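S.K.: Sharing a structure with you now.
Any read-out appearing in this document is the output of simple, stated calculations on the displayed coordinates, not a laboratory observation. Remember, it's a predicted structure, so these values are computed and weren't measured experimentally. FYI the Cβ positions are ideal-geometry reconstructions off the backbone, even for glycines, and counts take in every protein chain you see.
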Amino acid sequence: MDLDTLRSFIRDIPDFPKKGIVFKDITPLLKDGPALRFACDQLAGSFRGMKIDQVVGIESRGFIFSPVLAYQLGAGFVPVRKKGKLPAAKEAVSYSLEYGEDSLEVHLDAIKKGTQVVIVDDLLATGGTAEAVIRLVEKLGGTVLGLAFLVELGFLKGRDRLKGYQVHSLIQF
């Protein structure tokens with residue numbers, strides 16, 4: 001398996017979730033065992049040898065990869081959820097995304113001062129979601145060591161919003 005083969009598992013779905021958007025569907029990759037294993041191994045490989053306390057996963061497809069990376073890196077997993085999904089005391093942040101506004105939350109006790117964190121999601125588009133999660137992590141006192149994405153839509157320049165942070169993506173469009 002190589003990255004070009006992995007890229008071939010991503011299919012385009014036009015006009016989803018609304019007209020004019022071309023959705024990058026990762027489900028063909030997810031259902032293929034060797035492709036999924038290769039993707040997870042490659043994402044984790046970007047951070048091997050680093051002292052990582054927690055892998056922060058962004059709802060919802062970030063939850064697919066982040067627990068696997070946490071396991072591979074010997075770290076804990078922290079879910080960042082959409083508003084209203086977490087039961088305990090939480091911190092929230094609102095942000096803009098490519099087709100609207102949203103809010104994310106994390107438990108107040110999930111990240112402590114000095115915690116070394118890697119943030120994981122399936123896709124980097126405009127960078128708004130990742131930037132919001134960085135703000136949440138840092139507000140709680142965590143240090144962001146880097147971010148990992150399966151897919152990056154380079155033409156949307158999301159990486160520009162994440163300057164000063166290590167950004168790793170496997171597949172670029």
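S.K.: May I ask you to compute the full-extension gain from residue 5 to residue 112, defined as 0.36 nm times their residue separation minus their alpha-carbon distance, rounded to one decimal in nm? The partial results should precede the final answer.
M.R.: Working: separation 107, 0.36 × 107 = 38.52 nm, distance 3.94 nm.
That works out to 34.6 nm of additional length.
S.K.: Find, among the GluC sites (Glu not before Pro) in the stretch 74-115, those assigned to loop by DSSP (not H, G, I, E, B) with at most 16 other beta-carbon atoms within 10 angstrom. Display every interim value, and only then the final one.
M.R.: Values: sites: 91, 98, 101, 105; in loops: 98.
For GluC sites (Glu not before Pro) across the stretch 74-115 that sit outside H, G, I, E and B with at most 16 neighbouring Cβ atoms in 10 Å, the list reads 98.
S.K.: Now for a different question. Show me the ranking of peptides 44-50, 123-129 by mean Cβ neighbours inside 10 Å, starting with the highest. Don't skip to the answer; put the middle values down first.
M.R.: Working: 44-50: 14.7, 123-129: 22.1.
My ranking of the peptides, most packed first, is 123-129, 44-50.
S.K.: A further question follows. Can you say what percent of the DSSP beta bridges in the stretch 46-172, counting only those with both residues inside, are antiparallel? Round to 5. Provide the component values of the computation, followed by the final result.
M.R.: Details: 10 of 32 bridges.
Antiparallel bridges make up about 30 percent of those DSSP assigns within the stretch 46-172.
S.K.: For the stretch 107-173, what does the relative contact order come out to in percent, with C-alpha contacts under 8 Å and a separation of six or more?
M.R.: Working: 123 pairs, mean separation 24.8, N = 67.
After rounding, I find 37 percent.
S.K.: Hey, what do the phi angles of the stretch 46-59 turn into as Karplus ³J(HN,Hα) couplings, whole Hz, using 6.51/-1.76/1.60 and θ = phi - 60°, x for Gly and Pro?
M.R.: 5, 10, 4, x, 8, 7, 10, 8, 9, 9, 9, x, 9, 4
S.K.: Roughly what would the spin-label model give for residue 88 and residue 145, points 7 Å off Cα along C-beta, in nm?
M.R.: About 2.2 nm, to one decimal.
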